[in-house]
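What follows is a set of notes on a single structure, which appears directly below.
The numbers here are math on the coordinates, done by the rules we state, and not lab data. Source: prediction; values computed, not measured. Here the Cβ is made from the backbone with ideal geometry for all residues, glycine too, and neighbour counts use every protein chain on show.
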Amino acid sequence: MINKEELISKLEDMNEEAHQEVIDIWLKADKLEEAGLDLPAEDKREEASDAQAEHFEELLEQMPDEEREAVWHYVETDDSFGEQFYQWYRD
């Protein structure tokens, strides 16, 4: 089974890749906030977060089966791993 630290590092990289995929939405949220439009900015951040999670899930599905199985193993057996994972993955 893949080492837990290596796996979390890979997941962090995947989350960063997902973030970069939707960076334009995050930047629009920042501009709305700078303009004092807090509610629209909050809505835009939620949109960005949802889109980022979708990209992360797509990347997760592309992982080799062995790595994906290891992810779920650690999610089930390590609370801190699971907490971090669920910051990126939405079920």
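Observations on the structure shown:
- Computed label-point distance, nm, for sites residue 13 and residue 54 using a 7 Å Cα→Cβ extension: 2.6
- In degrees, nearest ten, helix 23-34 long axis to first principal axis of the chain (Cα): 40
- Remark: the residue 1-residue 24 segment gains 4.6 nm on full extension, using 0.36 nm per residue and subtracting the alpha carbon distance.
- Ranking of 23, 8 by count of other Cβ atoms within 10 Å, fewest first: 23, 8
- Placing +1 on the Cβ of every Lys and Arg and -1 on the Cβ of every Asp and Glu, with nothing else charged, gives the chain a dipole about its Cα centre of roughly 180 debye.
- Helix-only arithmetic for the chain: the sum of -39500 (n - 2.57) across DSSP H runs with n ≥ 4, divided by the residue total, places the mean residue ellipticity at 222 nm at -28500 deg cm²/dmol.
- Those residues of region 35-63 whose amide nitrogen sits under 16 Å from the label point placed on residue 75, 7 Å along Cα→Cβ: 53-63
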